[in-house]
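Have a look at the structure below, then the notes.
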Number of protein chains: 2
Amino acid sequence: MITTIEELRRWSRQQHNLQKKIGLVPTMGALHDGHLSLVKTANQCCNAVLVSIFVNPTQFGVNEDFHQYPRPLEDDLRLLQTVGSPEVFVPNTAEMYPAGFDVSVHVGGVSQPFEGQIRPAHFDGVATIVLKLFLASGADTAFFGQKDFQQVCVVRKMVDDLNIPVEIVVCPTIREPDGLAMSSRNKYLSKSQRLQAVVLSQSLTLAEKMITDEKIRDVETVRQKIRSKIETVPDIKIDYIGIVDPKTLHELTTINSDTVILIAAKIGTTRLIDNVLITTTS
Amino acid sequence: MITTIEELRRWSRQQHNLQKKIGLVPTMGALHDGHLSLVKTANQCCNAVLVSIFVNPTQFGVNEDFHQYPRPLEDDLRLLQTVGSPEVFVPNTAEMYPAGFDVSVHVGGVSQPFEGQIRPAHFDGVATIVLKLFLASGADTAFFGQKDFQQVCVVRKMVDDLNIPVEIVVCPTIREPDGLAMSSRNKYLSKSQRLQAVVLSQSLTLAEKMITDEKIRDVETVRQKIRSKIETVPDIKIDYIGIVDPKTLHELTTINSDTVILIAAKIGTTRLIDNVLITTTS
């Protein structure tokens, strides 16, 4: 287990000297099958796989769940042994943000709507820590889950615009048997909330069917369907239902090409997101 | 001559495959002996030297001299032949900032006073383009002139805080025989302004003598001396005289340790900066 950036650089140089390709899976720990699927994909593409576990304070808002975010490190390390024991980087906060730290990366455009509107400093925090992890690890490839669709857009934009020599691989969302997207935050849900939460993925499946089977092209009709499905559960508060271009995240009025539907909702105090990417042949 | 990032990456990979160490000298062209001394130093440290020539629009304010900034590319290439013909990267603006570009790097702290106050977006522009050049070139070491002292502080802070794997080497300011710090902007000066401009470096030499020979420790006494020296030339308007800690750029009241004196002034419409670093043994 590597805990300092200096050790990480040494490890990285060694791997590159051995002509190995470094694959990075950045995580905040509390690992689940979604994370493990990223590691498995990394194992296929890269011969030196690194999992970082760091609950990044700068991507949490002041009233968000930074302090209660789960940190089951022992469990995480045990789980990683089941997927080939990748190298693990577990820095503490002072290692990533030493006293006087004062640099930030801002991505415009795709970071502005949806999560960016509700969590104003979130994506600056994400971009900054992801860049630091890329540069400290010397990653050749980095693996992200489609579950955090907007985050992937922000990271891709940063990579393109800053000429970062890292390839981004996006892996499918992994779901519970009933369809709920896996998330470390699912642990916050009570038993009854957990049962209710499935309506999120169900609403996306409904929307997907409307578009691909029923050929419905009007965005508001689809959005209304999603909303009324979610609203069958009284305790869920919808943050947004975005039906957008997957590249720009601009809202569509008619579905004529590839579309992503992004949703966020609160069940009690737990905020969950999900999305579905729909490839149409208009 | 390389003009695209794709070619640059190919060149960079080749050099690293040959186990060569890449030294980057980032410039805006209009090369003078100051730049050439950076290349000479790079030649000593690195066996693959790259000079970038790019007048970076994002570091100029709206009323600054972006459009009139000199671009004597033929002369620049000829000068570079006199210092070992380094590889040259000359991208156009669309190559560095393609349509839709929307990422910026912000460095706090050292970027705030002095140039940061007078040129509000300047250092965000500098940090962003320097990071892009580092990442696109795969530079191992980068060479900057002490002439742009605050810029060096900003770049160092960015490198430290973002864990950028590039070593920064700072080379001494190169001066005209009369002491004027070499600058591409000296070309803007009329003959009489050129004669007057020497007062800037003269005022710094005076200040340095006060501190090292006369052991004067009171900052205001030194600042007043610099001001009255510069004000012997009626056409010069002082922007600032900073007497500061070289690491933090915080203003000092007493000179007890290493000190840098930063000055900026306008002669007509031409803005010049200069500085002197003074090592004291209190």
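The values are calculated or read from the model by the stated rules, or taken from the named source; none is laboratory data. What you see is a predicted model, and the numbers here were worked out from it, not measured in a lab. Cβ coordinates were reconstructed from backbone atoms using ideal geometry, including for glycine residues, and neighbour counts include every protein chain displayed.
Looking only at residues of the stretch B:128-168 that are more than 14 Å from chain A (Cβ to nearest Cβ) and of a type in the set (D, E, K, R), we find that the one that is farthest from residue B:275 (Cα to Cα) is B:148. Residue count for the stretch B:80-97 satisfying the condition of being surrounded by 13 or more Cβ atoms within 10 Å (Cβ to Cβ) and in a loop (DSSP other than H, G, I, E, B): 5.
Considering the conditions (1) within 26 Å of residue A:13 (Cα to Cα); (2) among the polar types (S, T, N, Q); (3) within 14 Å of chain A (Cβ to nearest Cβ), residue B:41 is excluded by exactly one of them, (3). Residue check: residue B:121 meets all listed conditions (1) more than 30 Å from residue B:16 (Cα to Cα); (2) buried (at least 20 other Cβ atoms within 10 Å of the Cβ); (3) not polar (S, T, N, Q) but one, namely (2). When the test is whether a residue is of a type outside the set (Asp, Glu), in a helix (DSSP H, G or I), in contact with a Ser or Thr (Cβ under 9 Å, 6 or more places away or on another chain) and surrounded by 19 or more Cβ atoms within 10 Å (Cβ to Cβ), residue B:12 passes it.
Is one or more of the residues making up the stretch A:169-188 surrounded by fewer than 17 Cβ atoms within 10 Å (Cβ to Cβ) and among the hydroxyl-bearing types (Ser, Thr, Tyr)? Taking every residue of the stretch A:169-188 in turn, none turns out to be surrounded by fewer than 17 Cβ atoms within 10 Å (Cβ to Cβ) and among the hydroxyl-bearing types (Ser, Thr, Tyr).
Scanning the stretch A:119-160 for residues that are in contact with a Leu (Cβ under 9 Å, 6 or more places away or on another chain) and either hydroxyl-bearing (Ser, Thr, Tyr) or not in a helix (DSSP H, G or I) (or both) yields a count of 10. The residues of the stretch A:33-56 that are surrounded by fewer than 17 Cβ atoms within 10 Å (Cβ to Cβ) and part of a loop (DSSP other than H, G, I, E, B) amount to a single one, A:47. Evaluating residue B:85 against the criteria (1) within 14 Å of chain A (Cβ to nearest Cβ); (2) over 19 Å from the mean Cα position of the chain (by Cα) leaves one unmet condition, (1). In summary, no strands (runs of 3 or more DSSP E) completely within the stretch B:176-282 bear 3 or more residues that are farther than 17 Å from residue B:115 by Cβ. Tallying residues that are touching an Asp or Glu at 6+ places or on another chain (Cβ under 8 Å) and among the aromatic types (Phe, Trp, Tyr) within the stretch A:88-105 yields 1. Residues in the stretch B:161-175 that are assigned to a strand (DSSP E or B) and closer than 18 Å to residue A:137 by Cα: 1 in all.
Screening A:231, A:251 for residues that are within 22 Å of residue A:148 (Cβ to Cβ) and modelled with pLDDT of 95 or more leaves exactly one candidate, A:251. Taking the criterion of being within 20 Å of the chain's Cα centre (by Cα) and either outside the structural domain of residue B:45 (by TED's automatic domain parsing) or of a type in the set (Lys, Arg) (or both), would at least one residue in the stretch B:216-238 satisfy it? Checked the stretch B:216-238: at least one residue is within 20 Å of the chain's Cα centre (by Cα) and either outside the structural domain of residue B:45 (by TED's automatic domain parsing) or of a type in the set (Lys, Arg) (or both). Against the test of being within 9 Å of chain B (Cβ to nearest Cβ) and among the small types (Gly, Ala, Ser), the options A:108, A:61, A:125 yield a single qualifying residue, A:108. Scanning the stretch B:137-171 for residues that are within 23 Å of residue A:106 (Cα to Cα), within 11 Å of the chain's Cα centre (by Cα) and of a type in the set (S, T, N, Q) turns up B:150, B:151. Return a yes/no flag: does the stretch A:170-179 have any residue that is aliphatic (A, V, I, L, M), more than 14 Å from chain B (Cβ to nearest Cβ) and closer than 30 Å to residue B:164 by Cβ. So far as the stretch A:170-179 goes, yes, one or more of its residues are aliphatic (A, V, I, L, M), more than 14 Å from chain B (Cβ to nearest Cβ) and closer than 30 Å to residue B:164 by Cβ. Taking the conditions (1) surrounded by fewer than 21 Cβ atoms within 10 Å (Cβ to Cβ); (2) of a type in the set (D, E, K, R); (3) closer than 21 Å to residue A:185 by Cβ in turn, residue A:227 satisfies each one other than (3).
Of all the listed residues (B:116, B:100), the sole one being surrounded by 18 or more Cβ atoms within 10 Å (Cβ to Cβ), within 14 Å of chain A (Cβ to nearest Cβ) and either within 17 Å of the chain's Cα centre (by Cα) or outside any strand (DSSP E or B) (or both) is B:116.
With respect to being buried (at least 18 other Cβ atoms within 10 Å of the Cβ) and not hydrophobic (A, V, I, L, M, F, W, C), residue B:27 fits the description.
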